[in-house]
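**Student:** This is the structure, below, for whatever I ask next.
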Amino acid sequence: MIDWRSYDDVAEVYERVSAPKFYAPARDLVSLVDPATGARVLDVGTGTGVATEAAAAAVGESGVAIGADLSVEMLRVGARARPGRRFVAASAVDLPFADTTFDAVVANFVVSHFPSYKTGLFDMIRVLRPGGRLAMSSWSDEQDELQKVWGELVESVVQHELLEGVWKESAPWHDRFRDRELLEETLLDAGLRHVRTEKKEYRFISSIDDYLAGLESFATGRFVRSMLGDGWEAFRRRSRQVFAERFPDPLNDFRDVLFGVATKP
């Protein structure tokens, strides 16, 4: 049975469909820490390396940008898509780096997924030098019609109670980090200073097929696939039929992203 908790089996789809959407937020995230040429930057939860690539462009050939992620297959796909980038397989709560190694640390859409955001932030701050900046991003939009229809499709085949467990396990801190005040509070409570937050809207254009492939690669989609087994392909066909009847192709997908940046004393 496929382990729905792992991104390993969807790494190729993630790189093809989801990674391109993360380029603009990743560049904006890296710009918040404003690394100097030659600086050392760590990208925690890099996935296939989009923010690592943005950091590498910012610090230049004399700098160092390293992406860390638990999924070896995501890193393998990232290394193939972005040759020359530096990756390490590691957990955010046990980073394999000495204290004060980096000038900046970034985390793109990942802190809400940590089992304990406090533990994750502690280790990210540990490897950050005094005076260095930490920045993170998270989705902050309300459920739109696209997400609502996907949710209805999913709940037509899997009980709501089971899905609630998936949401709590896969992104236990989603509500916390979509709230601007709570994000500021979290960064201050972690001992950081000069906290600043901002929200930006992004417009993503994708075909219905790619949009649904992206949803299928995330936690809910992976869980549904593991539950349905041989019924998965029928569910996929029905999803595409419903979206084709309800929405134009390609889709306009508007998403709000909340950013937070702070400095280690």
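**Student:** Quick one: how many residues across region 1-40 are without any contact (Cβ under 8 Å) to a residue 60 or more places away in the chain and closer than 21 Å to Gly131 by Cα?
**Tutor:** Result for region 1-40: 3.
**Student:** Restricting to region 85-115, what's the tally of residues that are surrounded by fewer than 18 Cβ atoms within 10 Å (Cβ to Cβ), of a type in the set (Gly, Ala, Ser) and modelled with pLDDT under 95?
**Tutor:** Matching residues across region 85-115 total 1.
**Student:** Considering only residues that are within 15 Å of the chain's Cα centre (by Cα) and within 22 Å of Asp9 (Cβ to Cβ), which ones fall in region 53-75?
**Tutor:** If the condition is that a residue be within 15 Å of the chain's Cα centre (by Cα) and within 22 Å of Asp9 (Cβ to Cβ), then Gly67, Ala68, Asp69, Leu70, Ser71, Met74, Leu75 are the ones that fit.
**Student:** Given the conditions (1) modelled with pLDDT of 95 or more; (2) on the phi < 0 side of the Ramachandran plot, which single one is not true for Gly38?
**Tutor:** (2)
**Student:** Any chance you could count how many residues in region 146-171 are free of Cβ contacts under 8 Å to residues at least 60 places away in the same chain and within 24 Å of Arg237 (Cβ to Cβ)?
**Tutor:** Here is the first cut: in region 146-171, the residues free of Cβ contacts under 8 Å to residues at least 60 places away in the same chain are 147-148, 151-152, 155-156, 159-161, 164-165, 167-168, 171.
Now drop any that are not within 24 Å of Arg237 (Cβ to Cβ), which leaves 147-148, 151-152, 155-156, 159-160.
Of the residues in that region, 8 qualify.
**Student:** Hand me the list of helices (runs of 4 or more DSSP H) wholly inside region 136-233 holding 2 or more residues that are in contact with a Gly (Cβ under 6 Å, 6 or more places away or on another chain). So that I can check it myself, show each step before the final result.
**Tutor:** Values: elements: 145-155, 160-170, 174-177, 180-189, 208-217, 219-228.
In region 136-233, the matching helices (runs of 4 or more DSSP H) lie at 180-189.
Residue by residue, here is whether (1) in a strand (DSSP E or B); (2) closer than 21 Å to Phe22 by Cβ holds:
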| position | (1), (2) |
| --- | --- |
| Ala65 | yes, yes |
| Gly78 | no, yes |
| Gly84 | no, yes |
| Phe97 | no, no |
| Ala107 | yes, yes |
| Ser112 | no, yes |
| Thr119 | no, no |
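**Student:** For region 42-63, how many residues meet the condition of being closer than 18 Å to Ala24 by Cβ and assigned to a strand (DSSP E or B)?
**Tutor:** Going through region 42-63 one residue at a time, the tally reaches 1.
**Student:** Can I ask one more? Check His174, His194 and return the single one that is on the phi > 0 side of the Ramachandran plot and in contact (Cβ under 8 Å) with a residue 60 or more places away in the chain.
**Tutor:** On the way: His174 fails: on the phi > 0 side of the Ramachandran plot.
Within the list His174, His194, the selection yields His194.
**Student:** Which one of these is surrounded by 15 or more Cβ atoms within 10 Å (Cβ to Cβ), of a type in the set (Gly, Ala, Ser) and in contact with a Pro (Cβ under 9 Å, 6 or more places away or on another chain): Ser206, Ser170? Give the steps one after another, and end with the answer.
**Tutor:** Working: Ser170 fails: in contact with a Pro (Cβ under 9 Å, 6 or more places away or on another chain).
Just a single option satisfies the conditions, and that option is Ser206.
**Student:** Which members of region 41-66 meet the condition of being crowded, with 21+ Cβ neighbours inside 10 Å and farther than 15 Å from Ala135 by Cβ?
**Tutor:** Hits for region 41-66 are Gly47, Thr48, Gly49, Glu53, Ala56, Ile66.
**Student:** Looking only at residues in region 95-133 that are β-branched (Val, Ile, Thr) and over 21 Å from the mean Cα position of the chain (by Cα), which one is farthest from Thr186 (Cα to Cα)?
**Tutor:** Taking region 95-133 and keeping what is β-branched (Val, Ile, Thr), we get 100-101, 105-106, 110-111, 119, 125, 127.
Then drop every residue that is not over 21 Å from the mean Cα position of the chain (by Cα), which leaves 100-101.
Numbers: Thr100: 21, Thr101: 23 Å.
Looking at residues that are β-branched (Val, Ile, Thr) and over 21 Å from the mean Cα position of the chain (by Cα), I get Thr101.
**Student:** Which residue, of Phe254, Phe243, Phe235, is surrounded by fewer than 17 Cβ atoms within 10 Å (Cβ to Cβ), among the aromatic types (Phe, Trp, Tyr), at pLDDT 95 or above and farther than 22 Å from Val106 by Cα? Give the steps one after another, and end with the answer.
**Tutor:** Details: Phe243 fails: surrounded by fewer than 17 Cβ atoms within 10 Å (Cβ to Cβ); Phe235 fails: surrounded by fewer than 17 Cβ atoms within 10 Å (Cβ to Cβ).
None of the others qualify; the one that does is Phe254.
**Student:** Looking only at region 1-41, how many residues end up being in contact with a strand residue (DSSP E or B) (Cβ under 8 Å, 6 or more places away or on another chain), in a helix (DSSP H, G or I) and of a type outside the set (Asp, Glu)?
**Tutor:** Step one: filter region 1-41 for residues in contact with a strand residue (DSSP E or B) (Cβ under 8 Å, 6 or more places away or on another chain), giving 17, 21-22, 24-26, 28-30, 32-36, 39-41.
Okay, now just the ones that are also in a helix (DSSP H, G or I), so 17, 21-22, 24-26, 28-30, 32-33.
In the following step, the residues that additionally are of a type outside the set (Asp, Glu) were identified as 17, 21-22, 24-26, 29-30, 32-33.
Selection size over region 1-41: 10.
The values are calculated or read from the model by the stated rules, or taken from the named source; none is laboratory data. Keep in mind it's a predicted model, so treat the numbers as computed, not measured. Neighbour counts run over all protein chains shown; Cβ positions are idealised from the backbone, glycine included.
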